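The values are calculated or read from the model by the stated rules, or taken from the named source; none is laboratory data. Just so you know, these numbers come straight off a predicted model, no measurement behind them. Heads up, the Cβs are rebuilt from the backbone with ideal geometry, glycines too, and the neighbour counts pull from every protein chain shown.
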Amino acid sequence: MSGLMPALRRPFRRFLRDERGSVIAEAVIALPVLLWGYVGLFVYWDAFRSLNTLQKASYTVSDMISREMVGVTSDYVVGMDKVMEYLIDADANVRMRVSSITWSETNQRFEIHWSRSPYAQMPELTTDTLQGLAGQIPTMTAGDYVILVEVEMDYHPAFDVGMADQTFRQFIVTRPRFIPCIPMDSITCPVT
């Protein structure tokens, strides 16, 4: 019986030392993790790229409006929306609202000079609805005007890696560059 045990152990030891086929076993374990990591990095990079593109396009549109010297029209805002869609170059659902805001020293609040949006999902701002955004607007002196460009874009990840559908938002406040106030259609600027 004592000679039988070493004879039984030898094939078992040979089996334990044999490394043939271990690469396939390791690949079966590691490949799904590597693929998930690659796809996950792709999705997170794409989300960052989309947000970055939206931000650059929003600042571009805001800067274009702030450089106007004769005022804008409702058609101009619709045109800026088309510029925004072109700059983003995506099939994403992009919504934009442009508003002119002033600070009223008398009423101690921000007030709407004019507001336009081509989208029902982003209705035009009123002085009352603007108060909910007051914390995001920088401090202004009485009679100053700024242009507020708000943009929303829906983002849907290409793969499910734990990132839910999101709505990216941009809130850009810009002072007019060359004139104190930018008029809209028949809404003129007050004479100072």
Pick from D75, D89: which is more than 17 Å from the chain's Cα centre (by Cα) and not β-branched (V, I, T)? D75
Give V161, V173 a once-over and let me know the one that is at pLDDT 90 or above, among the β-branched types (V, I, T) and either within 27 Å of A120 (Cβ to Cβ) or surrounded by 14 or more Cβ atoms within 10 Å (Cβ to Cβ) (or both). V173
Checking A120 against (1) among the aliphatic types (A, V, I, L, M); (2) in contact (Cβ under 8 Å) with a residue 12 or more places away in the chain; (3) not in a strand (DSSP E or B), which test does it fail? (2)
Regarding A27, is this residue hydrophobic (A, V, I, L, M, F, W, C), in contact (Cβ under 8 Å) with a residue 60 or more places away in the chain and either over 22 Å from P123 (Cα atoms) or surrounded by fewer than 14 Cβ atoms within 10 Å (Cβ to Cβ) (or both)? no
What pairs come up if the first residue lies in segment 33-60 and is assigned to a helix (DSSP H, G or I) and surrounded by 14 or more Cβ atoms within 10 Å (Cβ to Cβ), the second is small (G, A, S) and modelled with pLDDT under 95, and their beta carbons are under 8 Å apart, counting only those six or more places apart or on different chains? G40/G162; F42/A158; V43/A158; D46/A158; S50/A90; S50/A92; T53/A90
Only unsatisfied item for I88, checking (1) surrounded by fewer than 17 Cβ atoms within 10 Å (Cβ to Cβ); (2) in contact (Cβ under 8 Å) with a residue 60 or more places away in the chain, is (1)
Please determine, by comparing only the residues of segment 147-192 that are among the aromatic types (F, W, Y) and in a strand (DSSP E or B), which one is nearest to Q136 (Cα to Cα). F171
Which residue, of Q136, Q121, is modelled with pLDDT under 90 and closer than 26 Å to F48 by Cβ? Q121
Condition check: among the small types (G, A, S) and either exposed (fewer than 10 other Cβ atoms within 10 Å of the Cβ) or touching a residue at least 60 places away in the same chain (Cβ under 8 Å) (or both). Does G79 satisfy that? no
Hits in segment 111-141 - residues which are over 25 Å from A57 (Cα atoms) and in contact with a Ser or Thr (Cβ under 7 Å, 6 or more places away or on another chain): E111
With (1) in a helix (DSSP H, G or I); (2) at pLDDT 90 or above; (3) more than 30 Å from the chain's Cα centre (by Cα); (4) not basic (K, R) as the list, and V28 as the residue in question, which single condition is left unmet? (2)
